[in-house]
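The values are calculated or read from the model by the stated rules, or taken from the named source; none is laboratory data. Note that the structure is predicted; figures quoted are calculated from it, not measured. FYI the Cβ positions are ideal-geometry reconstructions off the backbone, even for glycines, and counts take in every protein chain you see. For the accessible areas, the whole protein counts, side chains as well, though only heavy atoms, and no ligand, DNA or RNA atoms are used. Shrake-Rupley method; radii C 1.70, N 1.55, O 1.52, S 1.80 Å.
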Amino acid sequence: MVIRDYIFLGIFLLVMACVPLLLKNDYYISIFVFASFNCLACIGLSLLLGYAGQISLGHAAFIGIGAYTSGYLTTQFAWSPWITMFIGVVISIIIAIAVGVPSLKLRGHYLAMATLGFGAILYIVAVAAVDITGGPAGLNNIPPLNLFGLILDSDKKFFFFSWSVVVIGLLFALNLINSRVGRGLRALHGSEDAANSIGINTSSYKIQIFIFSAVFSSIAGSLYAHYVTYIDPGPFGIMHSVLLMTMVAVGGMHKIWGAVIGSLLLSLLPEFLSFSTGYFKTFGIEYKPDYDTLVYGIILLSIMLFLPEGLYGGFSSAFRAVKNIVKRNGKKAKSSS
Amino acid sequence: MVETILEYQELQKNFGGVVAVNKLNMTVDIGSITSIIGPNGAGKTTIFNLTTGFLSPTAGNIKFFGNSINQLKPHNIASLGIARTFQNVQVFDNMSVLENIMVGRHLRSKSGILSSTIIPPFLRKEEKHIKREAEKWLEFIGMADDSQISAGSLPLGKQRMLEIARALAMEPKLILFDEPASGLNARETLAIGELIGKIKESGVTVVLVEHDMELIMDISDIVAVINFGTRIAMGTPAEIQINEDVITAYLGD
Amino acid sequence: MEITNQDFSNLLQYIFMGIQRGSIYALAAMGFNIIYNSTGVINFAQGEFVVYGGLMMVSLTMTMNLPVPVAFFFTVLFVMLIGILMERLTINTVKSPTVLRLVIITIGVSIFLEGIAMVSWGKNSHVLRHFSSSETFEVFGAMILPQTLWIIGILVFIALGFILFFNYTMTGKCMRACSINRDAARLVGINDRKMVMISFALSAGIGAIAGIIITPIIQMDYGRGTMLAIKGFGAAVVGGLGNSVGAIFAGILIGIIEAFGAGYISSHYMDAIALFFMLIVLFVKPSGIFGSSEASKLKEF
Ligand SMILES: Nc1ncnc2c1ncn2[C@@H]1O[C@H](COP(=O)(O)OP(=O)(O)O)[C@@H](O)[C@H]1O
Ligand SMILES: [Mg+2]
């Protein structure tokens with residue numbers, strides 16, 4: 001069973017490598033690059049949501065911390081992006097400890113509200129602390145990444161790089177889930193009391209996984225800053241945190257693969273919807289990008305109500321059902337012959 | 001003299017106005033099967049919850065090998081070598097049977113979040129070792145054929161067996177069973193009784209809470225009778241069977 | 001340092017401003033508590049009830065020109081209906097509810113309602129006439145709006161109604177029984193599912209009233225729900241989650257801190273200061289600053 005995850009990973013790698021070959025237009029490639037940042041953050045978030053059973057509504061803030069740390073330090077002091085990315089990770093870890101330790105000690109969903117409040121505060125600071133963040137105008141001229149002399153300044157180059165990072169992140173997450181620690185996490189999700197009774201320090205695990213997931217987001221943020229080379233507070237608000245949580249839940253929160261599916265689909269959705277505007281018109285509906293929020297709400301609600309294991313769960317039970325039918329028919333055919 | 005493994009001294013637990021455990025004094029000998037019986041609501045499960053750190057006592061002391069464990073958290077108490085099962089069986093139903101027991105090896109393995117992240121499971125020695133040990137315990141309870149089944153889909157009898165195997169995988173010194181036979185049929189109850197006997201033989205001390213008197217009288221070395229949180233009698237099964245107080249407690253006046 | 005008259009008037013001004021905003025957080029917090037007590041779930045859509053109250057009132061009075069009392073009544077009814085529909089169509093249909101799943105559902109409802117509000121009322125802010133005059137009057141140099149008095153009066157009125165309802169009506173007592181021990185309540189024949197529905201209706205109704213009374217002062221737009229929800233939750237936590245008397249004081253306290261922050265520090269950081277205070281309480285004394293930690297474990301309305 002363990003090995004299946006790694007076979008999927010290989011297939012996933014091949015599929016993603018083919019995407020740029022199929023997409024002629026740089027614009028579509030850039031959509032996929034943006035999807036890769038969401039994907040990375042969602043992989044981390046799914047460990048927290050699906051495995052530790054905790055909701056964070058502040059992960060966009062960690063993306064923001066990564067982005068602003070990289071943006072500020074590279075533009076002000078001309079430090080290497082790799083170093084600033086690392087510093088962003090360290091800051092995210094510190095903040096995750098400060099927010100996570102007190103709220104994860106409590107039962108219930110204090111973490112959700114605490115992270116929501118913390119995300120809102122950071123957003124306000126990003127807008128108001130003009131001296132550091134540039135305020136609503138943001139930071140400009142952030143340098144692109146330099147990979148051993150190869151400057152990642154085109155959409156295609158960045159596509160390969162950022163999806164490689166996603167694949168590595170995915171590999172790490174899969175390793176973790178299929179390890180002693182991962183089993184401990186799944187156990188705590190199954191029954192916290194039973195997990196405690198066999199010696200698992202569940203509160204420490206929750207905190208560790210919250211930190212771990214914050215790191216994923218922080219790296220996604222640094223990558224984002226060096227890709228767009230210009231940042232403002234817009235993409236790091238509460239709504240994006242909620243959207244990340246939605247991606248994980250829609251894809252299927254109890255499997256890492258669910259996060260991959262959910263983040264890819266929902267990142268491409270706005271593109272798909274604006275592409276279909278003409279189609280909506282034939283029904284007399286004037287579709288505007290403003291309606292995206294409503295669509296996300298409808299998708300999240302329908303999935304949570306009708307398909308609680310998400311799209312991944314839906315796919316795999318459909319797959320099992322088909323397999324069973326085929327098997328049964330096979331047997332029938334044999335016995336009748 | 002036999003060594004004492006577990007001791008309750010004037011143990012008290014109040015829930016608001018309800019006194020669940022009332023000035024309980026009791027010792028458990030190492031290597032024995034000590035049973036606690038008593039009517040529903042007598043405080044048996046509360047005693048287990050206090051012993052394993054899920055509740056903290058209102059007053060009194062719990063000593064394990066002479067050291068007080070009152071203030072410890074459940075996972076610390078587990079690491080001292082006290083395992084338990086739950087009255088409402090608590091297997092991890094989102095995991096396979098084998099994985100359930102592998103989690104039981106948690107305290108006997110070490111790898112942390114960083115090394116787990118970087119090295120894939122099939123390259124880690126520890127992982128192979130955990131699996132081998134888990135298979136051994138699966139063999140011990142006679143469920144080797146079910147290893148890949150999801151634990152949630154097992155019948156109750158097998159879930160209870162699995163819960164016991166998970167606890168055994170910790171290699172504890174003391175194990176607490178909370179009504180392991182409740183809801184089981186006669187054949188399954190017999191199997192549980194045999195298993196508990198085997199556990200004692202392997203050198204683990206057992207404290208057993210159970211309502212099935214046949215099972216209790218059959219396998220216990222010592223039986224303690226609890227009513228309203230206090231001990232009203234203690235002795236060998238033969239002594240308990242003829243004790244007046246016990247008969248009154250069970251049958252009412 | 002000498003305290004001048006001007007300083008005093010400013011102080012008074014900020015206090016009134018704080019009470020006025022804080023009343024809204026207090027009402028939102030009471031809404032959180034009602035649903036939390038009956039389901040154990042934090043309802044993330046609580047802020048949307050406030051938004052819908054404000055926006056619906058705008059439509060009924062400003063567009064349809066209904067008199068204020070009539071519009072008030074229908075707005076509250078409308079939002080209560082939303083609350084009931086939310087419970088019947090989502091929460092009640094979940095067969096194997098886990099708190100995690102229910103919380104995510106309330107997040108889904110909140111995004112959905114926000115989306116609907118934007119489609120129906122657009123993105124701009126909406127003005128609502130004050131209940132009575134919009135002319136300020138002066139108290140010790142502080143300028144006070146009559147609407148502020150309306151807000152305080154209605155808060156007091158609701159708080160009294162709340163106490164009467166939960167202590168003296170059969171339905172209120174049944175709801176308390178459910179929140180303390182659901183199984184026992186069911187055993188004595190209380191329909192716990194129905195109690196959950198009533199709690200959503202009540203919570204939505206209180207949210208609607210909050211929205212109606214504050215909109216003349218802050219103007220309402222579709223996107224305010226989340227911030228109102230966070231601050232209302234903050235008040236609920238500071239007051240001790242589940243304890244509604246605590247929530248009223250905590251709401252007003254948060255409002256005053258916010259007003260002081262805006263007045264003495266920087267209006268840019270106004271929201272951040274209130275949230276920061278909430279986080280500090282959450283971390284230092286999660287049982288709330290009103291009442292002991294023991295009391296906060298027992299669910300009380
Ligand atoms: N967490 C708790 N909160 C309040 N009362 C409890 C709690 N746990 C147990 N009790 C009460 O303590 C008494 C003893 O319960 P318990 O230990 O479960 O009894 P037993 O296992 O012997 O049937 C009962 O009256 C029960 O209602
Ligand atoms: Mg019991």
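What the table below lists for this structure:
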item: Cα gyration tensor shape for the range A:1-144, rounded if a/c is under 1.5, else prolate or oblate; result: oblate
item: Summed side-chain charge close to B:GLY31 - residues other than B:GLY31 whose Cβ falls under 13 Å, Lys, Arg +1, Asp, Glu -1; result: -2
item: Sites B:ASP93 and C:ARG186 - FRET efficiency at Förster radius 30 Å, r taken between beta-carbons, to 0.05; result: 0.75
item: Cross-link reach list, lysines versus C:LYS95, counting only Cα pairs under 23 Å and skipping chain neighbours closer than eight places; result: A:LYS255, C:LYS194
item: Length-normalised contact order for chain C - Cα pairs under 8 Å, 6+ apart - percent; result: 36
item: Estimated distance in nm for a label pair at A:ASP290 and A:SER164, the labels positioned 7 Å out from Cα along Cα-to-Cβ; result: 4.4
item: The range B:92-153, relative contact order in percent, only Cα pairs under 8 angstrom and at least six apart counted; result: 65
item: Accessible-area value, C:GLU135, 1.4 Å probe, nucleic acids and ligands omitted, Å²; result: 130
item: Shape category assigned to the range A:193-331 from the gyration tensor of Cα positions, a/c cut at 1.5; result: oblate
item: Additional length obtainable on full extension of the chain from A:VAL130 to A:ASP26, 0.36 nm per residue less Cα span; result: 34.1 nm
item: Exposure of A:LYS323 as accessible area (Å², to 10), given a probe of 1.4 Å and all protein chains; result: 100
item: Chain A: calculated mean residue ellipticity at 222 nm from DSSP helix runs of at least 4, using -39500 (n - 2.57); result: -25500 deg cm²/dmol
item: Inverse mean reciprocal Cα-Cα distance (Kirkwood Rh) of the range C:107-166, Å; result: 15.1
item: Share, in percent, of DSSP beta bridges within the protein assembly as shown that are antiparallel, nearest 5; result: 65
item: Estimated FRET transfer efficiency (A:PHE148, A:PHE275; beta-carbon r; R0 56 Å; 0.05); result: 0.90
item: Helix axis angle, C:244-260 relative to chain C longest principal axis, alpha carbon, degrees; result: 30
item: On Cα atoms only, tilt of C:192-218 relative to the major axis of chain C in degrees; result: 10
item: Once the Cα gyration tensor of chain B is diagonalised, semi-axes √(5λ) in Å; result: 33, 21, 16
item: For chain A: relative contact order, % (alpha-carbon pairs under 8 angstrom, 6 or more apart); result: 30
item: Net dipole in debye of chain B [+1 Lys, Arg Cβ; -1 Asp, Glu Cβ; about Cα centre; nearest 20]; result: 1180
item: C:VAL284 versus A:ARG4: modelled label distance in nm, points set 7 Å from Cα along the beta carbon direction; result: 5.1
item: Alpha-carbon centroid distance for the pair the range A:41-79 / the range B:180-194, whole angstrom; result: 52
item: Trypsin sites (Lys or Arg not before Pro) lying in DSSP loop within the range C:73-154, provided at most 11 other Cβ fall within 10 Å; result: C:LYS95, C:LYS123
item: Protein-only accessible surface order, largest first, of B:ARG231, C:ARG176, A:ARG328 at 1.4 Å; result: A:ARG328, B:ARG231, C:ARG176
item: Cβ-based net charge around B:VAL21, under 13 Å, with every Lys or Arg adding one and every Asp or Glu removing one; result: +3
item: Beta bridges per DSSP with both ends in chain B, % antiparallel, nearest 5; result: 55
item: Per-q log10 I(q)/I(0), the range C:22-161, q = 0.08, 0.12, 0.22 Å⁻¹ (Debye; single scatterer per alpha-carbon; no solvent); result: -0.27, -0.59, -1.46
item: Charge tally in the Cβ shell below 14 Å around B:PHE228, where Lys, Arg are +1 and Asp, Glu are -1, B:PHE228 excluded; result: +3
item: Of the DSSP H helices in chain A, those whose Cα atoms cover at least 18 Å axially and whose Kyte score averages 1.6 or more; result: A:2-22, A:81-104, A:110-128, A:238-251, A:256-275, A:292-306
item: Given charges at beta-carbon only (K, R positive; D, E negative), |dipole| of chain C in Debye; result: 1140
item: Residues whose placed amide H lies under 5 Å from that of B:ASN227, excluding near-sequence neighbours; result: B:ILE232
item: Prolate/oblate/rounded label for the protein assembly as shown (Cα gyration tensor, a/c 1.5); result: oblate
item: Principal-axis tilt of helix C:5-39 within chain C, Cα atoms, nearest 10 degrees; result: 10
item: Residue list for the range B:184-209, given a label point 7 angstrom along the Cα-to-Cβ vector of B:ASP29 and an amide N cut-off under 16 Å; result: B:200-201, B:203-208
item: Gyration tensor over alpha-carbon atoms, the range B:92-153, equivalent ellipsoid semi-axes in Å; result: 22, 13, 10
item: Charge dipole of the range A:109-264 about the Cα centre (unit charges at C-beta), most positive-ward option of A:GLY258, A:ILE198, A:LEU111; result: A:ILE198
